[in-house]
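Participant: Sharing a structure here in structure tokens format.
The values are calculated or read from the model by the stated rules, or taken from the named source; none is laboratory data. Not measured: the values here are computed from a predicted model. With ideal geometry, Cβ positions are generated from the backbone for all residues, glycine too; neighbour counts draw on all protein chains shown.
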Amino acid sequence: MPTHQLKPDAYTLHGDYSLEREPVLRIQSGDTIEAETFDAGWGLEAPHLDGTPRLRHPKVHELAQWGHALIGPIWIEGAKPGMTLVVHFEELLPGAYGFTYAGGFAHRIHQHLGLVEGGEELMLWSLDAGKMTGTNHFGHQIKLKPFLGNLGMPPPESGHHSTLSPSIWGGNIDCRELVAGTRLYLPVPVEGALFSFGDGHAAQGHGEVSVNALECPMSYVRLGLELSDTSSAPPPCAWTPAGWLTFGFHTDLEQATYIALDSIVSLLMSNYSLPSRKQALALATAVVDLHITQIANPVMGVHAFLPHDALEAT
């Protein structure tokens, strides 16, 4: 299948999801995309510890509302509402720098922890994609687990839609499990799919608890994009090297939990030919883990996780 290259530039960059945006690339189902991305904040360089403004791509100043630096959209021939887009994460390499912030503005996390006053705390990271390690400017070192925080398609309504929250069509999912080797299943909302991606994360815990991950540019992203008529669970869901997961998104974290749980019960029914949802739920309580995907965004996320080796064949 053909491989296509994309660069973040004035033609491909945008900061919202919209079905009215012209595609920058047209591909066939099964084609591969190779790209690099800016960090979510449109940076041309790392933030400065002294607080002075850093260089950003000039297109950021054209945004009607702030949004993550995404590239695309990509038109997939034959994509229609009701189909499923399968995103194959083939390779993900972080850039040379990363950063995390905490506190300094009136987010609900900062308010509950008493960290609104006094400005943001910046932590700079040097990233080594060869060793997959990151070292911050205090000398702390961590292992990297890179993924894309924001990718998906526009809703089927006209207008320009924020990148800040996830939806069933993707967006700001911020799930640390979407690593290389993963397949993400998303329902197609619009003709052509109009798929965009960006927002590199070098590492993140479940929850994204400081309102951001270890944000970074991506030096290399390789994605396969494939259309399908079926999936093992109601999308959005994902097959990862470790197991299956299903997503729930809602402004209420409890409701997000129920959505993710409902989908993993459906997945158990499908994958193991179980006779009832009650039996699937009884199995789920023994083998399924619930994780808070993120509490950083206006719409929060929960994912239910079923390890591949959780149930042995009889």
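Participant: From the set of residues in region 271-282 that are surrounded by 15 or more Cβ atoms within 10 Å (Cβ to Cβ) and within 13 Å of Leu311 (Cβ to Cβ), which is modelled with the highest pLDDT?
Facilitator: Ala280
Participant: Search region 123-143 for residues that are more than 21 Å from Tyr220 (Cβ to Cβ) and pair each with any residue that is of a type outside the set (Ser, Thr, Tyr) and in a loop (DSSP other than H, G, I, E, B) when their beta-carbon atoms are under 8 Å apart and the residues are at least 6 apart or on different chains.
Facilitator: If the second residue must be of a type outside the set (Ser, Thr, Tyr) and in a loop (DSSP other than H, G, I, E, B), the pairs left are Met123/His137; Met123/Phe138; Leu124/Ala46; Leu124/Pro47; Leu124/Leu49; Leu124/His137; His137/Leu49.
Participant: Have a look at Val221, Val211 and point out the one that is β-branched (Val, Ile, Thr), assigned by TED's automatic domain parsing to the domain that holds Ile142 and touching a Ser or Thr at 6+ places or on another chain (Cβ under 9 Å).
Facilitator: Val221
Participant: Where in region 94-200 are there strands (runs of 3 or more DSSP E), lying wholly inside it, with at least 3 residues that are under 27 Å from Ile27 (Cβ atoms) and out of contact with any Cys (no Cβ under 6 Å at 6 or more places or on another chain)?
Facilitator: Working: elements: 97-102, 121-128, 133-136, 141-143, 147-152, 183-187.
By residue number, 147-152, 183-187.
Participant: Residue by residue through region 38-91, note down the ones that are of a type in the set (Val, Ile, Thr) and in contact with a Ser or Thr (Cβ under 9 Å, 6 or more places away or on another chain). Steps first, answer last, please.
Facilitator: Step one: filter region 38-91 for residues of a type in the set (Val, Ile, Thr), giving 52, 60, 71, 74, 76, 84, 86-87.
Within region 38-91, Ile71, Ile74, Ile76, Thr84, Val86, Val87 meet the criteria.
Participant: In region 237-247, is there at least one residue being crowded, with 19+ Cβ neighbours inside 10 Å, at pLDDT 95 or above, outside any strand (DSSP E or B) and not aliphatic (A, V, I, L, M)?
Facilitator: Taking every residue of region 237-247 in turn, at least one turns out to be crowded, with 19+ Cβ neighbours inside 10 Å, at pLDDT 95 or above, outside any strand (DSSP E or B) and not aliphatic (A, V, I, L, M).
Participant: Within region 13-51, which residues are of a type outside the set (Ser, Thr, Tyr) and part of a strand (DSSP E or B)? Walk me through it before giving the result.
Facilitator: Keep residues of region 13-51 that are of a type outside the set (Ser, Thr, Tyr), which gives 13-16, 19-28, 30-31, 33-36, 38-51.
Once the filter is applied, which keeps residues that are of a type outside the set (Ser, Thr, Tyr) and part of a strand (DSSP E or B), region 13-51 yields Leu13, His14, Leu25, Arg26, Ile27, Ile33, Glu34, Ala35, Glu36, Gly43.
Participant: Still on this structure: Any residue at all in region 59-80 that is over 19 Å from the mean Cα position of the chain (by Cα), crowded, with 21+ Cβ neighbours inside 10 Å and either part of a strand (DSSP E or B) or not assigned by TED's automatic domain parsing to the domain that holds Gly171 (or both)?
Facilitator: yes
Participant: For region 130-149, indicate whether the set of residues that are out of contact with any Pro (no Cβ under 8 Å at 6 or more places or on another chain), closer than 27 Å to Gln65 by Cβ and either of a type outside the set (A, V, I, L, M) or assigned by TED's automatic domain parsing to the domain that holds Ile259 (or both) is non-empty.
Facilitator: yes
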